[in-house]
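Here is the structure we will look at.
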Amino acid sequence: MLAPFLIGLVLLVLGPALVTFALAFADYDLIGAVEWIGLANFVELANSTAFHAALSNSLSFAAIAVPLRLLLAFGLALLLFRRGPAVGTARTAVILPSAVPEVAYGLLWLWLLNPMYGPINQILRTFAEPDSIPNWLTTPSDARAGIIVMSLFTIGETFIVLLIARRALPSEVYELAAIEGATGWYLLRRVTLPLMAPVLGLLLLRDTILSFQFSFVPALVVTEGGPPPYSTTYVPLFVYRNAFEYLRYGYAAAATLVMLVCTGAAVFLQWRLIRRYRSRYAVA
Amino acid sequence: MTEGLELVGVRAAHGKAETLRGIDLTAAKGELLVLLGPSGAGKSTLLRVIAGLHPAAGGLVRIAGRDVTALSPGERDVAMVFQSFALFPHLDVLDNIGFGLRARGVGKRETRERSAAAAVVAGCDQVLSRRPDQLSGGERQRVALARALVREPALFLLDEPLSNLDAESRVRTRVELRALHDRVGATMVHVTHDQTEAQAIADRIAVLHDGRVEQVGTPEEIWRRPATTFVAGFVGSPAMNLFPGDGPWPVGGAHRVGVRPEALRLVAEGSGHPATVTGMEVIGEDAWVRLRIGDHALVARVPATDRPEPGATLMASAAEADLHAFDVDGKRVG
């Protein structure tokens, strides 16, 4: 019964993972033979300005985009968890961008973010100072901001989970809180947040792991890793280029391993933090 | 104007269905009023309307002389104990009790002191540092009570607080609840579907049925002189026997006549109606004997030691003073 899944797991996940691990210590371009070079790839990565840029880009993207996405999804979930007029439409609007294929989504933003002809800047030009309007695709910091803005709309999955989690909270606790005079901000801080803390923690972990992945298509399609030299080259794009454009599989594999270690470290740190607070916010 | 609770013409609806059809009710200051009725009668709805959790479609709610009909729950000076206790799972017992005080800006030290004092009164001061998931049902209930007590509100609302306890705890806890009420002197409105519980603890009982008040009175009044056939049939275990006006015990002008199972006398020979025993349940010192008189089925309650043989025919009689007469609208006559 389990056989097809096990075969799939081995062939599609474990196998390639082992191959990648091995290739990280080799030099391979698909044409010649595999040449074992020990830690040379890692040494090169340590000295590569391109990789430094990619790593710092990925880390700062995760540090900014992940909390913002979670905050946005949380806020929207708290606004839209009750049924009401137009709530269904609003929920659909929040989820829809996540349902769009990534490349199509990227191409859409390529048009939206065009500094000259894109609708965003056209609208901004009607009321803002010309100098303050971001040059989305042509200035390094604005390009990075653009990628972050793009990621703020694909919060559909996180939003759905938070919606369900909020609806699952016991309504009598909230009625009790109303009788005890806890409303608004106090209610959010002292009741909703602690009760939803486990789910929020889980989603934070998940989004951190995924943040490496969902930076890939936007960087590839919208900014192509630019503006030069490496403004929006994130680690996945770095790996992709080195592997499939420069045919440096070993080098790319080494970069992948570094990415894995970073993700693992981030997840571990968050997990420790969550465990420390779980005892405070344990839900019966 | 009373210092307790006053309800004038209170109406409520759930969607299009009318769930409260004009409730007029008062509770004196310091009284324990029980709202008794079957599920769907509207008692929980009424409690929630008093608390402000459900909007009143019409009428007035006055608490301690103040018209609170338009006020939010937090402004009404009420405290509520829910059936599920609704304790905050992420707070320990002391913080649970003090939640309302902190929410209203009371300082940490004062909150701690008052919470500890309320815990002593409610009987949960031994578990102050535990969390709700580490407490038994009875302990959780005491914490919920302490939380209600600590703010010293004008009115306490209890929504079937004993329903989530096992049968043994229920009896013990209802005694504690009544004792707590007497000690604190609070005005309490207690909702239950259990008529034994209601009779045991209430100062007065309001019997609700289908969104209306059928009768308000002391437990004794409700028992001795039920005002409607519904109250007659609902209060009493086993339920009162109800016959047509021209049945075995006729009363002139009555549409229906009621006789409590306890009031029936069964003798082997003598005056009365011939009744055949069709079944029996022996519960401790009681025997519930099911009988037939002609076309009528009835239940009698006799001491277990006097119980008849199954299938026997006995003479069943009832004293005139034990007959309850009701007119065609179900209202008491005489």
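Numbers at a glance
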{"quantity": "Ellipticity estimate at 222 nm from DSSP helix runs (n ≥ 4, -39,500 (n - 2.57)) divided over the protein assembly as shown, nearest 500", "calculated": "-13500 deg cm²/dmol"}
{"quantity": "For residues of B:87-93, the mean tally of beta carbons on other chains within 10 Å", "calculated": "6"}
{"quantity": "Loop trypsin sites (Lys or Arg not before Pro), the stretch B:37-146, which have at most 14 other Cβ atoms in a 10 Å radius of their Cβ (DSSP)", "calculated": "B:ARG104"}
{"quantity": "For residues of A:189-195, the mean tally of beta carbons on other chains within 10 Å", "calculated": "3"}
{"quantity": "Förster radius 25 Å - calculated FRET efficiency between A:THR183 and B:ARG109, Cβ distance, rounded to 0.05", "calculated": "0.55"}
{"quantity": "Cα lying deepest toward the dipole's positive end in the stretch B:136-281, options B:HIS190, B:GLY270, B:ALA227, charges on Cβ", "calculated": "B:HIS190"}
{"quantity": "Partner chain coverage, peptide B:69-75 - average Cβ within 10 angstrom", "calculated": "3"}
{"quantity": "For B:ALA57, net neighbour charge (Lys/Arg +1, Asp/Glu -1) across residues whose Cβ lies under 11 Å away", "calculated": "+1"}
{"quantity": "Charge tally in the Cβ shell below 11 Å around A:GLU175, where Lys, Arg are +1 and Asp, Glu are -1, A:GLU175 excluded", "calculated": "-2"}
{"quantity": "Once exposed loop trypsin sites (Lys or Arg not before Pro) are cut out (DSSP; at most 11 other Cβ, 10 Å), longest piece of chain A", "calculated": "A:84-279"}
{"quantity": "Overall form of chain A per C-alpha gyration tensor (a/c, 1.5; a/b vs b/c)", "calculated": "oblate"}
{"quantity": "FRET efficiency, A:SER171 to A:SER60 (Cβ-Cβ, R0 35 Å, nearest 0.05)", "calculated": "0.30"}
{"quantity": "Computed E for A:LEU72/B:GLU18 - FRET, C-beta separation, R0 35 angstrom, nearest 0.05", "calculated": "0.25"}
{"quantity": "Nearest-ten-degree value, helix A:193-214 long axis tilted from longest Cα axis of chain A", "calculated": "20"}
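None of the figures in this text is laboratory data; all of them are computed from the coordinates on show. All figures in this text were calculated on a predicted structure; none of them were measured in a lab. No Cβ is skipped: glycine too gets one built from the backbone with ideal geometry, and neighbour counts run over all protein chains shown.
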